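K.L.:
First the structure, which I've put down as structure tokens, then a few questions once you've had a look.
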Amino acid sequence: MKHFYILFVLFLSFQSCKKENKEKVSIATQKLVEQKVQYAIGFTIQNKETYKEIKITSPWPDAKSSFTYILHPKGTEKPTVSGKVSYIQIPVDKTVVTSTTDIPMLEYLKLENKLIGFPHCDYISSEKTRDLIDNGSITELGNNGHLNTELTLELAPELIIGYSATGDTKTYDLLEKTGIPVVMNGSWMEQHPLGRAEWIKFVAAFYNKEKEADSIFKMIEKDYNKAATLAKNSPTSPTILSGNMFKDVWYVPGGDSYVAQFLKDANTKYLWEETPKTGSIALNFESVLEKAQNADLWIGSGSSKSLSELKEKNNRYTFFEAFKNKTVYSSTLKTGAKGGLIYYELGPMRPDLILKDIIQIAHPELLTDYEPYFFEKLN
């Protein structure tokens, strides 16, 4: 009888532990909301039984390695995953980001109060985040995008969202060795405008904000596709020149680039659309003039704020019909309080607004009540 009693107690104890473990798994699993990635090709998100797995496959040009991040709920055991991975407990609280393109994503997800540091805060244009900078909630962490490691360590963030244009991650590697998780954001590598905006799902995963991210992205996707469909109805496709001179070289967007996709979806004829390149194409002035002298529109003319300033930089710009006809447009005229370019900060998050800007320029009869958000005509 005594043995039976002991066995019975052990059985109850086992069942209790089993139930408790099951509840822990259940609690963890409830937080893992399914997230589908449709346009972005640089990252994937997969839900496992008790954690999320994010893979970054294109963090910078010609990257030979990828990154895998294992996100598991706070209060749960770290899962055992083979291979080289980084573990991050979620939801994250104190955050450092290193690109202004992350600012709108945090704000749209109502997470701007999680931001505690940024390198070169003058680059940030958003009024909401600037208020946080002004009241001391966000610390200046360096210049020109370079993190000050000592200041960063003092802040002790739970997550750093970094990026690299060249693959140089020495600073990030050093910070990771101290126990601060670092993740690489490769949104700028996406060549489809909606692909860049979809990286809000990547950011949202660290805060359990998947539902909010999905809702926000669907709104932007719907608006973008609606505008693209509208543009197709126009019987005209104006020819487009883009880019400008830097020293003795004119850089135009490649035919498979992010900019070219906008021009295609706006139903325009981009003069270098047949060039299969995702980055910029380096050309001499003569070849650009030969091809684009009679272009209807010049969209993306650089940092000049007027036609006279454009002429001062290079008198040969006056040879183009778009200059003569005053159909030159720039996205660099609108800046924040400290001079940051609003287009580069908000644009990747709102490709629908960029597309409508271009449609309004190329087909003004289609969007008669629309006021361009980013692009302005040079006077």
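The values are calculated or read from the model by the stated rules, or taken from the named source; none is laboratory data. The shown structure was predicted, so the numbers you read here are calculated from the model rather than taken from an experiment. Here Cβ is always computed from backbone atoms with ideal geometry, including for glycine, and neighbour counts include all displayed protein chains. Accessible surface areas use protein heavy atoms only, side chains included; no ligands, DNA or RNA. Shrake-Rupley method; radii C 1.70, N 1.55, O 1.52, S 1.80 Å.
K.L.:
Residue 338: net charge of surrounding residues, Cβ under 14 Å, Lys/Arg +1, Asp/Glu -1, itself excluded?
P.N.:
The answer is -4.
K.L.:
How large is the helix-only mean residue ellipticity at 222 nm for the chain, computed as the sum of -39500 (n - 2.57) over DSSP H runs with n ≥ 4, divided by its residue count, in deg cm²/dmol to the nearest 500?
P.N.:
-10500 deg cm²/dmol
K.L.:
Could you give the angle, 0 to 90 degrees to the nearest 10, between helix 210-232's Cα long axis and the longest principal axis of the Cα atoms of the chain?
P.N.:
Once rounded, one gets 20 degrees.
K.L.:
Anyone know which of 93, 296, 62 comes out most mobile in the 10 Å Cα GNM of the chain?
P.N.:
Maximum among the listed residues: 62.
K.L.:
Which aspartates and glutamates does residue 94 reach when only Cα atoms under 17 Å apart count, and residues fewer than 8 places away in its own chain are ignored?
P.N.:
102, 107, 112, 140, 150, 154, 158, 176
K.L.:
Positive end of the dipole of the chain, charges at C-beta (+1 Lys, Arg; -1 Asp, Glu), about the Cα centre: which of 43, 302, 230 has its Cα farthest in that direction?
P.N.:
Of the candidates, 43 comes out farthest on the positive side.
K.L.:
Then there is this: Restricting to Cα pairs below 8 Å that are 6+ residues apart, what does the relative contact order work out to for the chain? Please round to a whole percent.
P.N.:
Here the relative contact order equals 15 percent.
K.L.:
State whether the stretch 237-378 is rounded, prolate or oblate according to the following rule on the C-alpha gyration tensor (a ≥ b ≥ c being the square roots of its eigenvalues): a/c under 1.5 gives rounded; otherwise a/b larger than b/c gives prolate, and the remaining case gives oblate.
P.N.:
In terms of gyration-tensor shape, rounded.
K.L.:
Sorting check: for 333-341, 197-205, 76-84, which peptide has the highest mean count of neighbouring beta carbons within 10 Å, and how do the rest follow?
P.N.:
197-205, 333-341, 76-84
K.L.:
Quick check on the chain: take the gyration tensor over C-alpha atoms, sort the square-rooted eigenvalues as a ≥ b ≥ c, and tell me if it's rounded (a/c under 1.5), prolate or oblate.
P.N.:
Taking the square roots of the gyration eigenvalues as a ≥ b ≥ c, the chain is prolate.
K.L.:
If you don't mind, another one. For the stretch 180-226 and the stretch 85-151, compute the distance between their C-alpha centroids and round to whole Å.
P.N.:
If you average the Cα positions of each part, the centres end up 17 Å apart.
K.L.:
Only Lys, Arg, Asp and Glu count, each charged at its Cβ (+1, +1, -1, -1), so figure out the dipole size of the chain about its Cα centre, rounded to 20 debye.
P.N.:
The dipole magnitude comes to about 1020 debye.
K.L.:
Within the stretch 93-149, what whole-number % of the accessible surface is contributed by carbon and sulfur, with the 1.4 Å probe and all protein chains included in the calculation?
P.N.:
Within the stretch 93-149, the accessible surface is 41 percent carbon and sulfur.
K.L.:
Taking H placed 1.01 Å from N in the peptide plane, check which residues at least 5 places from residue 244 or on another chain put their amide H under 5 Å from its amide H.
P.N.:
Under 5 Å from the amide H of residue 244: 251.
K.L.:
Decide, for the stretch 153-296, between rounded, prolate and oblate: order the square roots of the alpha carbon gyration tensor eigenvalues as a ≥ b ≥ c, take rounded if a/c falls under 1.5, and otherwise choose prolate if a/b is larger than b/c, else oblate.
P.N.:
Because a/c hits 1.5 or more and a/b fails to exceed b/c, the stretch 153-296 counts as oblate.
K.L.:
Just name one of 71, 96, 115: the one whose Cα is farthest towards the positive end of the charge dipole of the stretch 71-122 (beta-carbon charges, Lys/Arg +1, Asp/Glu -1).
P.N.:
Highest projection toward the positive end goes to 71.
K.L.:
If you only keep lysine pairs separated by 8 or more in sequence, or across chains, how many in the stretch 150-222 come under 19 Å at the Cα atoms?
P.N.:
The result is 6.
K.L.:
Let me ask another. HN-Hα J couplings of the stretch 112-117 from phi, Karplus 6.51/-1.76/1.60, θ = phi - 60°, integer Hz, Gly and Pro as x?
P.N.:
Once rounded to whole Hz, the list reads 4, 6, 7, 7, 10, x.
K.L.:
Next up: What part of the accessible area of the stretch 286-379, given as a whole %, is carbon or sulfur when the probe is 1.4 angstrom?
P.N.:
C and S fraction of accessible area: 47 percent.
K.L.:
Moving on. In whole Hz, with x marking every Gly and Pro, tabulate ³J(HN,Hα) for the stretch 83-91 from phi via Karplus 6.51 cos²θ - 1.76 cosθ + 1.60, θ = phi - 60°.
P.N.:
x, 7, 9, 10, 9, 9, 7, 10, x
K.L.:
In square angstrom, what is the accessible area per residue of the stretch 41-146 with a 1.4 angstrom probe?
P.N.:
On a per-residue basis, 49 Å².
K.L.:
Could I ask something else about it? Over all alpha-carbon pairs in the stretch 215-272, figure out the percentage whose distance exceeds 15 Å.
P.N.:
Value for the stretch 215-272 (Cα pairs over 15 Å): 58 percent.
K.L.:
Okay, moving on. When the convex hull of the C-alpha atoms of the stretch 47-188 is computed, what volume per residue in Å³ does it have?
P.N.:
Each residue corresponds to 122 Å³ of Cα convex hull volume.
K.L.:
Which value, in Å², gives the accessible area per residue of the stretch 151-228 when a 1.4 Å probe is used on the protein heavy atoms?
P.N.:
Per-residue value: 40 Å².
K.L.:
Can you give me the long-range amide H partners of residue 159? Hydrogens built in the peptide plane at 1.01 Å from N, cutoff under 5 Å, separation of 5 or more residues or another chain.
P.N.:
96
K.L.:
For the chain, with a Gaussian network of springs between Cα atoms less than 10 Å apart, report the residue from 250, 298, 60 with the top mean-square fluctuation.
P.N.:
Comparing 250, 298, 60 in a Gaussian network model of the chain, the most mobile one is 250.
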